[in-house]
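Structure in structure tokens, see below.
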Amino acid sequence: MSSNREDFDEFDLGSHVGEEHVAGEAPPGARHPTLGSELRSYIIGLALAAALTAASFWSLDEHVIYGPGIVMALIVFGLAQVGVHLVFFLHLTTSPDNTNNALALAFGVLIVSLVFFGSIWVMSHMNQNMMPARALLEMRGG
Amino acid sequence: MSAPTTALRTGRDPYHIGHAPAAGVPEYTGHGAGGPAPKRIVVGYGFWIFILSDVILFSCFFATYTVLIHARNGGPGPQEIFDLHGTALETACLLLSSFACGLTSLAVARRNLLWSEIFLAVTGLLGAAFIGLEVHEFYGLVARGDGPTRSAFLTSFFALVGCHGAHVTAGLLWLGTMMAQFPAKGFKASIRHRYLCFSLFWHALDIIWIGIFTVVYLIGKITP
């Protein structure tokens, strides 16, 4: 049974997009998505990613978004676009074949968050607690 | 009766909406019920682990940039050196390149050599255009004396964006190899698995670029 699975091709993390379409090689009765439906996934992904990119660049305009909120808006647009790429380009799904990929991704997100936000957190506290050299000299001299 | 057990009995995949396996296709349960995972799944998983480790490497560079963004030693800050028109153009090149890579995947799945080569060439040309724009930006900065040795901020900028550019350059070499191997070796399993890894690598580089244009360029542009 499992040899049939080798006949299937997916050039992403494992949806049914990109399955083998060569006549006579697919298992009998296998239902294949049409080229149109596969193409649609990539086109939707491209449209969403382009819209989110445009929104990111556009939000720099001070008149569009309340000034102090721009950074948060940029982060939200960026994370949303990462999600779009994972779903529509890499085809990371919740299917059983993808369980290990999704778990590995979750672990990667954890480590990336620790490294990135941890560094910012530690360094900002250090900068606060370190007195600038000039202020230190003035304090000693006075 | 829990949903997965019911689904096993009825032969439907509860986790893959709209893609119920057809007759003759073994059930993928993710728990070894269908036998060992096919090599394609194992290869993709292994390369996915590598990509995630690469993302962690990049997260260190991102953290360095964010921490050092104010360490300018009297040199220029992000507002003075970034040209967002160039960044937007680079972003468009890389996004369209990623899309063309997806089209290549559809052509490779159909073993269509002509369209595989055409879309691979489009992917590569857009990637090369991206590298050209980046080299142009770097050259302009170094020519003005704002090279990586100018300040800690510029060191972290060149390290992060340069590391991504080096990855794209390596990807272009890989892409050229694939373009040569499809006609020379055909669409045999080992070559298809190699292409699977390449497509994952190329899409992942676009994801890293989302972080770069957001954190480095756009947030940099509004950081005084």
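The values are calculated or read from the model by the stated rules, or taken from the named source; none is laboratory data. Predicted, not measured: the structure shown is a model, and the values here were computed from it. Reconstructed Cβ throughout: ideal geometry from the backbone, glycine too, with neighbour counts over all protein chains shown. Heads up: the accessible areas ignore ligands, DNA and RNA and are worked out on the full protein's heavy atoms, side chains in. Shrake-Rupley method; radii C 1.70, N 1.55, O 1.52, S 1.80 Å.
Lysines within cross-link reach of residue B:39: Cα-Cα under 18 Å, excluding same-chain residues under 8 positions apart?
Within the straight-line limit of under 18 Å, residue B:39 reaches these lysines: B:188.
Which peptide among B:193-200, B:55-62, B:212-219 comes first, and what is the full order, when sorted by highest mean count of other Cβ atoms within 10 Å?
So the order, starting with the most tightly packed, is B:212-219, B:193-200, B:55-62.
Per the 1.4 Å probe, what fraction of the accessible area of the range B:69-224, in percent, lies on carbon and sulfur atoms? Write down the numbers at each step before the final one.
Details: 3980 of 5700 Å².
Here carbon and sulfur together make up 70 percent of the probe-accessible area.
Taking 30 Å² as the minimum loss, tell me which residues in the range B:92-113 lose that much accessible area going from the chain by itself to the full protein complex (1.4 Å probe).
Output list: B:95, B:99, B:105, B:106, B:109, B:110, B:111.
Let me ask something else. Taking only protein heavy atoms and a 1.4 Å probe, what accessible area per residue, in Å², does the range A:92-142 have with all protein chains in place? It would help to have the intermediate numbers written out before the result.
Working: 3790 Å² over 51 residues.
It amounts to 74 Å² per residue over the range A:92-142.
At a probe radius of 1.4 Å, figure out the A/B buried accessible area, summed over both chains, and give it in Å² to the nearest 100.
Values: alone 11010 and 12260 Å², together 17430 Å².
That pair hides around 5800 Å² of surface in total.
OK, next. When ligands, DNA and RNA are left out and all protein chains stay put, how many square angstrom of accessible area per residue does the range B:69-224 have with a 1.4 Å probe? Please list the in-between numbers first.
Details: 5700 Å² over 156 residues.
Spelled out: the 1.4 Å probe surface of the range B:69-224, per residue, equals 37 Å².
Averaged over its residues, how many other protein chain Cβ atoms are within 10 Å of peptide A:93-104's Cβ atoms? Each step should come with its number before you reach the end.
On the way: counts 4, 4, 8, 13, 13, 8, 5, 8, 6, 1, 0, 6.
Counting other chains' Cβ atoms within 10 Å and averaging over A:93-104 gives 6.
Separate question: So if I take the centroid of the Cα atoms in the range B:117-147 and the same for the range A:99-141, what is the distance between those two points in Å?
Cα centres, the range B:117-147 to the range A:99-141: 32 Å.
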